[in-house]
Structure formats: structure tokens, C-alpha cells
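Trainee: Below is a structure I'd like to ask you about.
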Amino acid sequence: MTEQVPTADTVTPTGETLNVLHKRFKKAVRQDDRDGYDGILIDPARLVEVATAARDELGYDYLASATAVDYLGKGDHLEMVYHLCRTSGGPALVLKAQTPRENAELPSLTGVWSGADFQEREAWDLMGIRFTGHPNLKRILLWEGFDGHPLRKDWREAYYEADQKPFDSRWPDGHVRRAEQDNPYGKNVRYPDGFVLDEYQSTAEDALYADVALGLDVSADLATERVVVSMGPQHPSTHGVFRMIVTLDGERIEALEPVMGYLHRNHEKIGERNTFLQNMPYTDRLDYICSLSNNLGYALAVERLMSLGSRYEPPTYRAEAIRVLMAELTRIVNHMWAIGFLLNDLGAFFTPMMYAVTERELILDFFEATTGSRMMCNYMRFGGVAHDIPDRMRSEASLINDRVRDENTMEYLHKLINERLPRAIDQFDEYLTTSEIVTNRCIGVGVLSTADAIAASAAGPVLRASGVPYDVRRADPYSIYADLDFDVAVRYHGDVYDRYLIRLDEMRQSIRILKQVWPLLMDTGGQPFFAGRGGIYSPRVPAGESYGRVENPKGELGYYVVSDGGQNPRRYHVRAPSFINLTALEQMCKGHKVADVVAILGSIDIVLGETDR
Amino acid sequence: MYGSGVWRGLLVTLKHFVATYVDDIRWGFRRRNPAAFPVRQSLDGRGVFTVEYPEEKIAVPERFRFIPFLVVDNYDHPERAGHDWCTSCGICAKVCPPQCIWIVRGSDPDSGRPVPEPDAFYIDIDLCMNCGLCAEFCPFDAIKMDHDYELASYDRTSNHIYDKRRLSKEFRYWQSIAPTIAEQEASARGGWEHKDVLKQKAKDAKAVASEQAE
Ligand code: SF4
Ligand code: SF4
């Protein structure tokens, strides 16, 4: 027998909260008593009131996630699910509101939390729920020429083959077809009724500009100092294909609207066609810098669902130790990358970047030897990890590749954690922290106040640099973090400089954790890295819902997964920190110069693979 | 003093700058020599860290994953030369996330009963996401992830659907790119041969033993 980690505490705040709310809202609130579900169902008419009460009276000041589910064939309604948290910590409170599928409509919560803004726009875009009272309800990931709301269960993609994988056409009579045959060019796009493509360009651009132009007619007023600039999507500082429509008065930002979705592939729809296991490699491609911690969040969500069943075995202790090792190394990888690119954005072209990426490469060497890939690791499994850490990081020369390495893995890790990385972090401190160029450009720029950060659902380093010591590893511990000794880094000015400093702090804390994990790995050597029998490619996942969240390097990454007991998730939603952190971008940028926008965006640290999903 | 931070930062740059030359002198200005490589690319590396691809290529670790290949018996195998290890059980096609594997199950032309060998096996390498799940869940160690990542071609429509012939590689090749893993797998199977061959051998041995006992 190996020592097992106790499963997550399943006590949720639903019961006690319901008692409180019931006194005031009577029949408007009731327990969600479907099997495997938890939370409070709320009459849409009272939703705003209940949310306000939860925020002001019950202390649930932070809207972690808001998403919609289509229950076609199971009550035929759409359901909006809100996960609320206290920034002081504890499990999430789940609120739900239902609306019929036809003319779906719910009140907007943007008045209670500004963080609901993008998430409601996403629910409108992908699920077709109209939010009354939303100030700017339009599509966010898709464009106006898109027909329908793709996450609805009866919506089918152009290359639709079947509702669920695996497809029958692959075996035993699998005659190959190229993807283009099923999805011929010219026939792969559908437009909404009455949509004329040729007219689109001008009207949509107008709408976009009218919205941010503060009511002035751009074409007539160009003679004034006000200019609307489209930054991106092809712009080196936007870290991918991200666009900002910026209204300028001279050099100063008056308004800014983020435009995204250029990398959208409907990750969630793909996820609902996939089996539970097949989603694992797809999570790598969300935030492609941090594939291992993406894996972890998804594994947690599905394991939580599996734990409702009778034959569930939680991950072994060794598996948990390996997971934490991977997650913390990933944090260092990400923060190295973030700091390197922030400096690029500030104009220190590629020198600091190269120093940062060198360290990252050394970590990726370990990832590659262990998981088989440097970036798309696909390493976590439900119940453990895919392989144990290899004894040696070795390679064989072949005709293709000829420069060979061979090192003892644990010794390599030891040296990496105790010598190489701490030295590199200190070097960054010496190199950049006091440099006047950095301080002049960063101090006091892009300030986000504590209250605004919480209201806008900012997460991760952005939230903590604004003075909120909120870290999921401590607020709602998972894996073995509860047993580990580390501090939640926090800074108080909320500017670009603090967001830079907090990443250094967090790397130091990660090193501290890694130093505790290394001996655990030595002690558990040879023990199983996977609970139960291996080789099961379609695990039984009981019906129910779960929300698995981890503290990803960029902020809270949550997976909301609904199972109806089959092989595929009914709903698979990703609460993407890069996406939600952008909610506060305009607020941070207002009043600053154009060049500062680049620095501010760099300090939020987004990855478009995750933002656009 | 104002500006001292910048100077301190530049000292760090200078240190790196000097370190690259010290490194070069150490290796006699032959940075690309095979002895220098493991040191330059290790935790002790202080000099230039970049690898000058394609002149210089790092051998990838054993677990490295790129487009899968099908294991067949060595072409000089006494009994089963070139025989597929794949039994066309279909697990890899079911588990493949982008569904890029197509298999035609083999059947006996006379009886029509399935035989443990695929008639056709295709992988669309444009779709393959190199996740390695096929190799992980194949019960017969018949599909493995390759190390050859230089697959660029000029015409994707005609070249990127790999058929069985293109996918098949000798067992010896797998042993050469991943010796440790191949050995672990062999010890789990109970020998270097295919699982079915080993099973048959054990059965035969048992039959012989019981005959002798009689
Ligand atoms: S899982 Fe293995 S044996 Fe089964 S069809 Fe695939 S390659 Fe062949
Ligand atoms: S590596 Fe993954 S995507 Fe490629 S064939 Fe195997 S299972 Fe499919």
C-alpha cells in the first residue's frame, strides 16, 4: 500500500448559504438537487439581488467563473453557472439561473462584478443567452458574420461527422478521407440570414469604432487631435494575434477596446466531441507555455467527478509529488518567459529575453526527457501521471540527430533547483530591478486598485500585485500543497513594476517548494505513479458536475466539466485567466501613452491560445 | 546615484559577453565539436547556448514523440520477416484524439473471419497532434512514436497520408532509438518477440511438457 492523499474536502458552502438566503428570498432560491450537482438555483428575476447580497453580506466578493450549459433533452433549458469565491479563501459558492432555449435571456451581473463583462459576452456569443443590462453585448470570440451559437448542442460544424468520438468510420473499415474532402473550401462557411459579406467590412468596422470613439464621427473629426488606432492583430507587442482599438488624444489613451478571437477554434466544442481522455492533449494547447499545469487542472476536474463513483482510487502520493514538481517548474518557465518578453516590450530588445529563455530551455530538457515533449507535454492522467521520472536523461545518436547527452535525472534536478535557477533569478534582480530604464518605464504605470482588481475578476500575479493575497494553492488547496511550506507573494502598488517584482517573488517561492518536493521524490522512488490499473482509455465518469481549479502561472485556471455518465463530457468549459485578466486592460491603460499600453499588456502576460480558445 | 542601476545591469551583460569568449577559447574556437556539446548544453553551460541547427542537431531523449510508426519484425527474422506486430484491434484508432488513424481490419479471404493483421493502416500526419496516446494504449507494443522530425515536403496533398508501407519500420529500429524502453517492454512481455509469438511458444512448451509427462 502506498500512502494516499486524502481526497479534496467535499464540504461546500451551499447548505449554510442557502439557509441565509432563504430567509430573504424565500422561493426564489432553492437547492440544486440533481444527482452529482451542487449549488443554488435562483429565480432569474432576483438574480442581481441575490448576487449583490452574496457579495456584500456573505463576503463572496470574487466572481471566479461564469459560464453557460445547454441542457438540450434534459429539461431543454440553458443554465448559467456562477462560481463565487471569497478572496479570504475557501471553496466556491455555486449559483445557477435557468432560462428557456428560445429567446434565452438573463439579467446581466456586470453591475455587481465588472469581471462578468467578457464572460457574459462569451456566453452570448457561444451559447446565445442575451444579458439584459449588459453595456456592450456583442460577439467576442466570433465575428458578426457567424451563423448561430456554436456551443448549443444542436449546432453542427461544417465538417461534422458524429456527435461523439470515436468515429465509426475509423475502424474496422477505415478507408481514409482527407479532411478537405469533408470540408471543401468555399462550402465550409455559413452566414446568418440576410448577411451580405461584401457589405460587412464597412458596417462592422463602423460599429467597432463608433463604440469607442466617444460619440465623435471619426471621419469628420480626424482634423482634431483625436485618432482611433487599430493596434494589431499583427503587431509584435501583442504576443500573438490580439488587437486593440485605441482612441487617442495626442499620445494619451482615452479608450481602449480589446478585440480577440483570431485564434479561436472552439476548444470547448471540440472538447465536448472528445472523450474525457482525449481532451488531455488538447489542454496542452490552451496556454502553450504551461501545458503541464493545464493538464493538472483538467485532471483535477475529472478526478473530482470520478470520485463520485464507487471504484475511484485517488492518485498516489508519488503521483502528487511529481505533479507538484511539474507545476512549479512550469511556473518558473512561464515567469521567465513573461519577464523576458516584458523587457522586450519595454525595448530591451532580446538580451534579457535570451537570458531568461536559456533557463527555460534547461527545464524543458527535463520535461522532454520525462514526458516526451518540450511544450505539448500531455503528461497527467486521471489517477496519476503517464510515466515515471526516468532514471537518466539520455539520448541515442541516430542518423537524424547526433549530439548526445546522458545525465542522472535526479541529480540534474537537484542542481537545477539548488544552483542554476536561484542564481538565474538573482541575476535578473541585479540586472533589471534597479535599472533606471525599467523603473522609469514601470513604476506608477498601469495601476489597478485593489477594489478594481477584485471586481474585474483579475487573477494570478495581476491580482496579487494589487494587494490581494489570493492564491488557489492556499485558498482552496489541491494536490499536496496543503503540506508544503511557502508564502503567497503579494505586492501593493498594482503597477507594471509590481507585476514584474511579484513574478520574481513567485519564482523564489516555487524554488522553495521544489526544494521540499525533491526529497519526497527520492523517498517515494519506485512507488506507483498511477493509482489503479493502467491501460484504461475510457474511464467511467459518473454523471454530475465539477469545477477543478488550479493556480496557473497566469492566474486561476478552472475547468467546469459536466458529465451525463457517458464517455464524453456534456459540457467542458475553460475559465481562462489570460482571457478574463484582459477585462481590466482598458482601466489600466486609460490616461497613459501608447507606448505604455505595450508594457501594460506585457505585464498582464497573456497567451492567445488560451484567450481565444 | 541616478544611472547606477543601468550600469550594474550592463555589468551583467558584460559578464555574459566575456563568458562566451572564455567558452570559445576553452574549446579552441570549435564550438561545434562533439566533446563541447554536452557541457555547453548542460547546467554548467556559461557561453553561447544556442544550437546551430541544421548543422548541429541534438539527439532527442528516448521518450521523444513524433509521428507514430508501426513495428514489424526484423526483415531478417527467421520465421516472421516483416510481419506486422499490429493485430488491428482498433484501440489506437479509438483513442486517437484528432481521429487521424484509419484501419481496415484484416480478414481471411476464405472464411471472412478477422485475422490479427491489418489490411490497411493510414495516418494523416497533418492531423496527428503527436500526443502519443496510440503508443501508450496499444496492448501489443505495435505502434511507437518516432524520433524523425524532419518531414517537411513540397506537396502536402500527395505526401501526408502515410500508408502501412510508409509507416512500417523494423523492430530493430525501435531498439536503436529507445533501447531502455524497448528493454522494459520486452521484460514486461516476457521476451523480445511479439506477445502472440511468446504466448504460442509458452503453449507449445506446455504441450511438449505434458506429452513428455504422459
Ligand atoms: S492498438 Fe496496436 S494492435 Fe491495436 S490496431 Fe492499433 S497498432 Fe494495432
Ligand atoms: S500520436 Fe496521437 S494524434 Fe497522432 S496518431 Fe497517435 S493518438 Fe493520434
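Trainee: Quick one: which residue in B:92, B:86 is within 9 Å of ligand 2 (Cβ to nearest atom) and either in contact (Cβ under 8 Å) with a residue 24 or more places away in the chain or in contact with an Asp or Glu (Cβ under 9 Å, 6 or more places away or on another chain) (or both)?
Mentor: B:92
Trainee: Related question: Restricting to helices (runs of 4 or more DSSP H) lying wholly in the range A:240-311: which have 3 or more residues that are of a type in the set (D, E, K, R)?
Mentor: Ranges flagged: A:267-273.
Trainee: Please tell me if residue B:195 is more than 10 Å from ligand 2 (Cβ to nearest atom), more than 29 Å from residue A:406 (Cβ to Cβ), in contact (Cβ under 8 Å) with a residue 24 or more places away in the chain and more than 10 Å from chain A (Cβ to nearest Cβ).
Mentor: Against the criterion (more than 10 Å from ligand 2 (Cβ to nearest atom), more than 29 Å from residue A:406 (Cβ to Cβ), in contact (Cβ under 8 Å) with a residue 24 or more places away in the chain and more than 10 Å from chain A (Cβ to nearest Cβ)), residue B:195 qualifies.
Trainee: So if I check each of B:150, B:117, which one is more than 10 Å from chain A (Cβ to nearest Cβ) and at pLDDT below 90?
Mentor: Of B:150, B:117, the one residue that is more than 10 Å from chain A (Cβ to nearest Cβ) and at pLDDT below 90 is B:117.
Trainee: Quick one: how many residues across the range A:391-406 are more than 7 Å from every other protein chain (Cβ to nearest Cβ) and surrounded by 17 or more Cβ atoms within 10 Å (Cβ to Cβ)?
Mentor: 1
Trainee: Out of (1) free of Cβ contacts under 8 Å to residues at least 60 places away in the same chain; (2) within 16 Å of ligand 2 (Cβ to nearest atom); (3) more than 24 Å from residue A:378 (Cα to Cα), the odd one out for residue B:111 is which?
Mentor: Evaluating residue B:111 over (1) free of Cβ contacts under 8 Å to residues at least 60 places away in the same chain; (2) within 16 Å of ligand 2 (Cβ to nearest atom); (3) more than 24 Å from residue A:378 (Cα to Cα) leaves (2) as the failure.
Trainee: Mind listing just one residue for me: the one in the range B:53-84 that is more than 7 Å from chain A (Cβ to nearest Cβ), away from ligand 1 (no atom under 13 Å from the Cβ) and not in a loop (DSSP other than H, G, I, E, B) and, of those, nearest to residue A:401 (Cα to Cα)?
Mentor: B:66
Trainee: Would you check if residue A:411 is in a strand (DSSP E or B), without any contact (Cβ under 8 Å) to a residue 60 or more places away in the chain and over 30 Å from residue A:538 (Cα atoms)?
Mentor: no
Trainee: Further question on the same structure: So, in the range A:178-211, of the ones that are of a type in the set (Ser, Thr, Tyr) and at pLDDT below 75, which residue ends up surrounded by the fewest Cβ atoms within 10 Å (Cβ to Cβ)?
Mentor: Ranking the candidates gives A:202 first.
Trainee: Further question: Considering the range B:156-192 alone, what residues qualify as being within 14 Å of chain A (Cβ to nearest Cβ) and outside any helix (DSSP H, G or I)?
Mentor: Selection gives B:160, B:161, B:162, B:163, B:169, B:170, B:178.
Trainee: Let me ask you something else. So, in the range B:1-52, how many residues would count as being under 23 Å from residue A:412 (Cα atoms), more than 7 Å from chain A (Cβ to nearest Cβ), of a type in the set (A, V, I, L, M) and outside any helix (DSSP H, G or I)?
Mentor: 3
Trainee: If I filter the range B:66-83 for residues that are of a type outside the set (A, V, I, L, M, F, W, C), within 16 Å of ligand 2 (Cβ to nearest atom) and over 30 Å from residue B:24 (Cβ atoms), do I get at least one hit?
Mentor: Yes - at least one qualifying residue is present in the range B:66-83.
Trainee: Next question. Limited to the range A:449-467, what total is found for residues that are in contact with a helix residue (DSSP H, G or I) (Cβ under 8 Å, 6 or more places away or on another chain) and assigned to a loop (DSSP other than H, G, I, E, B)?
Mentor: Summing the residues that are in contact with a helix residue (DSSP H, G or I) (Cβ under 8 Å, 6 or more places away or on another chain) and assigned to a loop (DSSP other than H, G, I, E, B) in the range A:449-467 gives 8.
Trainee: Moving to a separate point now. Taking the range A:263-321, which residues are within 16 Å of ligand 2 (Cβ to nearest atom) and among the acidic types (Asp, Glu)?
Mentor: A:284 - this is the single residue of the range A:263-321 that is within 16 Å of ligand 2 (Cβ to nearest atom) and among the acidic types (Asp, Glu).
Trainee: Next question. Report yes if residue B:100 is at pLDDT 90 or above, away from ligand 1 (no atom under 12 Å from the Cβ), at the interface with chain A (Cβ under 8 Å from one of its Cβ atoms) and under 24 Å from residue B:159 (Cβ atoms), otherwise no.
Mentor: For residue B:100, the condition - at pLDDT 90 or above, away from ligand 1 (no atom under 12 Å from the Cβ), at the interface with chain A (Cβ under 8 Å from one of its Cβ atoms) and under 24 Å from residue B:159 (Cβ atoms) - is not met.
Trainee: Sticking with this structure for a sec: Residue B:110: away from ligand 1 (no atom under 14 Å from the Cβ), surrounded by 15 or more Cβ atoms within 10 Å (Cβ to Cβ) and modelled with pLDDT under 90, yes or no?
Mentor: Against the criterion (away from ligand 1 (no atom under 14 Å from the Cβ), surrounded by 15 or more Cβ atoms within 10 Å (Cβ to Cβ) and modelled with pLDDT under 90), residue B:110 does not qualify.
Trainee: Right, next: Checking residue A:446 against (1) within 30 Å of residue A:463 (Cα to Cα); (2) assigned to a helix (DSSP H, G or I); (3) not aromatic (Phe, Trp, Tyr), which test does it fail?
Mentor: That leaves (2) as the condition not met.
Trainee: Of the residues that make up the range A:103-125, is at least one assigned to a loop (DSSP other than H, G, I, E, B) and either exposed (fewer than 11 other Cβ atoms within 10 Å of the Cβ) or in the same structural domain as residue A:279 (by TED's automatic domain parsing) (or both)?
Mentor: yes
Trainee: Further question: Take residue B:132 and decide whether it is over 19 Å from the mean Cα position of the chain (by Cα), at the interface with chain A (Cβ under 9 Å from one of its Cβ atoms) and within 16 Å of ligand 2 (Cβ to nearest atom).
Mentor: It is false that residue B:132 is over 19 Å from the mean Cα position of the chain (by Cα), at the interface with chain A (Cβ under 9 Å from one of its Cβ atoms) and within 16 Å of ligand 2 (Cβ to nearest atom).
Trainee: Further question on the same structure: Given the residues A:541, A:574, which is the only one that is crowded, with 23+ Cβ neighbours inside 10 Å, assigned to a strand (DSSP E or B) and in contact with a helix residue (DSSP H, G or I) (Cβ under 7 Å, 6 or more places away or on another chain)?
Mentor: Testing whether each residue is crowded, with 23+ Cβ neighbours inside 10 Å, assigned to a strand (DSSP E or B) and in contact with a helix residue (DSSP H, G or I) (Cβ under 7 Å, 6 or more places away or on another chain) leaves just A:574.
Trainee: Just to be sure I understand, how many residues within the range A:408-446 are touching a helix residue (DSSP H, G or I) at 6+ places or on another chain (Cβ under 8 Å), over 26 Å from residue B:11 (Cβ atoms) and either at pLDDT 90 or above or at the interface with chain B (Cβ under 10 Å from one of its Cβ atoms) (or both)?
Mentor: Selection size over the range A:408-446: 6.
Trainee: Answer with yes or no whether residue A:171 is away from chain B (no Cβ under 11 Å) and touching a Gly at 6+ places or on another chain (Cβ under 8 Å).
Mentor: No: the conditions fail for residue A:171.
Trainee: Hey, can you tell me all the residues within the range B:137-160 that are more than 10 Å from ligand 1 (Cβ to nearest atom), acidic (Asp, Glu) and buried (at least 18 other Cβ atoms within 10 Å of the Cβ)?
Mentor: Matches in the range B:137-160: B:146 only.
Trainee: Here's another thing I want to ask about it. Note down all Cβ pairs under 7 Å where the first residue falls in the range A:506-517 and is closer than 14 Å to residue A:483 by Cα, the second is small (Gly, Ala, Ser) and assigned to a helix (DSSP H, G or I), and they're at least six residues apart or on different chains.
Mentor: Note: pairs meeting the criteria are A:517/A:321.
Trainee: Just name the residue that is farthest from ligand 1 (Cβ to nearest atom) out of those in the range B:118-136 that are acidic (Asp, Glu) and buried (at least 18 other Cβ atoms within 10 Å of the Cβ).
Mentor: Across the range B:118-136, the extreme among qualifying residues is B:124.
Trainee: When you scan the range B:202-210, do you find a residue that is at pLDDT below 90, more than 16 Å from ligand 2 (Cβ to nearest atom), more than 25 Å from residue B:79 (Cα to Cα) and within 9 Å of chain A (Cβ to nearest Cβ), even just one?
Mentor: Within the range B:202-210, not a single residue is at pLDDT below 90, more than 16 Å from ligand 2 (Cβ to nearest atom), more than 25 Å from residue B:79 (Cα to Cα) and within 9 Å of chain A (Cβ to nearest Cβ).
Trainee: Taking the stated definitions as given, is residue A:368 within 7 Å of chain B (Cβ to nearest Cβ) and closer than 16 Å to residue B:178 by Cα?
Mentor: yes
Trainee: In the range A:155-172, which residues are under 26 Å from the mean Cα position of the chain (by Cα) and surrounded by fewer than 19 Cβ atoms within 10 Å (Cβ to Cβ)?
Mentor: Once the filter is applied, which keeps residues that are under 26 Å from the mean Cα position of the chain (by Cα) and surrounded by fewer than 19 Cβ atoms within 10 Å (Cβ to Cβ), the range A:155-172 yields A:155, A:156, A:157, A:163, A:164.
The values are calculated or read from the model by the stated rules, or taken from the named source; none is laboratory data. Since the structure is predicted, the reported quantities are computational estimates derived from the model, not experimental observations. Virtual Cβ from ideal backbone geometry, glycine too; neighbours counted across all protein chains shown.
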